Amino acid sequence: QTGERIDFKATASGSETVETAKGPLSAQRFAITGDLRKEIWFDATGRWVKTSFAAPDGSTISYVLQ
């Protein structure tokens, strides 16, 4: 958002089923750590399926493929 360089590491965390508006999808989960902290899921074709991260108030925000 600011154009500043950030340090992060992406680590595969295994396969999971993600519930989408069109039904369940098998997806690979990645944990992003460092200056950026979130979880990201991609299906077998590399298509983004879900992102989840902590909000400043401690709640969890998730975006899921429609």
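The values are calculated or read from the model by the stated rules, or taken from the named source; none is laboratory data. Every value quoted in this text rests on a predicted model; they were computed, and no experiment measured them. Please note: Cβ atoms are built from the backbone with ideal geometry, for glycine as well, and neighbour counts cover all protein chains shown. All accessible areas refer to the heavy atoms of the entire protein, side chains included, with ligands and DNA or RNA removed. Shrake-Rupley method; radii C 1.70, N 1.55, O 1.52, S 1.80 Å.
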LYS50: which aspartates and glutamates have alpha carbons under 12 Å from its alpha carbon, excluding same-chain residues fewer than 8 sequence positions away?
-> GLU16, GLU19, GLU39
Treating only Lys and Arg (+1) and Asp and Glu (-1) as charged, each at its beta carbon, one finds that the range 13-66 has a dipole about its Cα centre, in Debye to the nearest 20, of 120 debye
Using DSSP to define loop residues, name the trypsin sites (Lys or Arg not before Pro) in the chain whose beta-carbon has at most 11 other beta-carbon atoms within 10 Å.
-> ARG5, LYS22, ARG37, ARG47
Round to the nearest 10 and report in Å² the accessible area of ASP35, as given by a 1.4 Å probe over the protein chains' heavy atoms.
-> 110 Å²
Which length gain, in nm to one decimal place, applies between SER13 and GLU39 when the Cα-Cα distance is subtracted from 0.36 nm times their residue separation?
-> 8.4 nm
Probe 1.4 Å, protein heavy atoms only - accessible area per residue of the chain in square angstrom | 75 Å²
Mind listing which GluC sites (Glu not before Pro) in the chain are in a DSSP loop and have 15 or fewer other Cβ atoms within 10 Å?
-> GLU4
Sticking with the crude label model, points 7 Å out along Cα→Cβ, report the distance from VAL64 to ARG5 in nm, one decimal please.
-> 3.8 nm
Just name one of PHE30, PHE42, ILE61: the one whose Cα is farthest towards the positive end of the charge dipole of the chain (beta-carbon charges, Lys/Arg +1, Asp/Glu -1).
-> PHE42
Table column - 3J(HN,Hα) (Hz), the range 23-33, Karplus curve with 6.51, -1.76, 1.60, x for Gly and Pro | x, x, 10, 7, 9, 8, 9, 10, 9, 9, 10
